[in-house]
């Protein structure tokens, strides 16, 4: 467990990129949205939460609401530094804003403060680290993905990231196998159309 002295300092939490910094979302697979899909969960989650919390800020853009949400979460964490859920929510907010280094930092705090971290925690940190490293699946990212899949063999984020990596490294059949595994898992919220399009595109390269 972290104590107050181990929590992030004001300067660390205040470390922010300019609001105009674009969210870098590369299309990993030509003509499909695989790169975007890896971030879509964070986008959808933060958009929904920002809109729900936006009653006093109805004239703000989604970007401004997201920034407001980050400041609100930071303020709550100053008063409740041991709250793993708040750290995780802050990580999602940073992911939405494309602040991946910050997301890695706070997802790590969420994991350390959670008695039994879930696949969601490990895959979230893996995603943040992946983008912080310029979309490279490093050894550290691989370890986090393995931890996520050990807890949840069909974790969407982990399998999508691995499939995209296989595709980028011209291992098309391996990518297809991972996408098929996702489809067979029949999970709610799965973008089946995008995955099927990716599978069909990979098959074209094999033929």
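The values are calculated or read from the model by the stated rules, or taken from the named source; none is laboratory data. Worth saying up front: this structure is predicted, and the values here are computed from it rather than measured. FYI the Cβ positions are ideal-geometry reconstructions off the backbone, even for glycines, and counts take in every protein chain you see.
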Pick out the one residue from 119, 75, 164 that is at pLDDT below 95, out of contact with any strand residue (DSSP E or B) (no Cβ under 6 Å at 6 or more places or on another chain) and under 30 Å from residue 203 (Cβ atoms).
164
Candidate set: the range 163-176, residues that are surrounded by 14 or more Cβ atoms within 10 Å (Cβ to Cβ) and without any contact (Cβ under 8 Å) to a residue 24 or more places away in the chain; chosen: the one nearest to the chain's Cα centre (by Cα)
166
Need the failing condition index for residue 197 against (1) within 26 Å of residue 122 (Cα to Cα); (2) over 18 Å from the mean Cα position of the chain (by Cα), just the number.
(1)
Filtering the range 136-159 down to residues that are free of Cβ contacts under 8 Å to residues at least 12 places away in the same chain and closer than 12 Å to residue 126 by Cα yields 136, 138, 139, 140, 142, 143, 146
Mind checking whether some residue in the range 73-82 is within 12 Å of the chain's Cα centre (by Cα), outside any helix (DSSP H, G or I) and touching a residue at least 12 places away in the same chain (Cβ under 8 Å)?
no
Do any helices (runs of 4 or more DSSP H) entirely within the range 106-201 hold 2 or more residues that are closer than 20 Å to residue 94 by Cα, and if so, which?
119-132, 139-151, 156-168
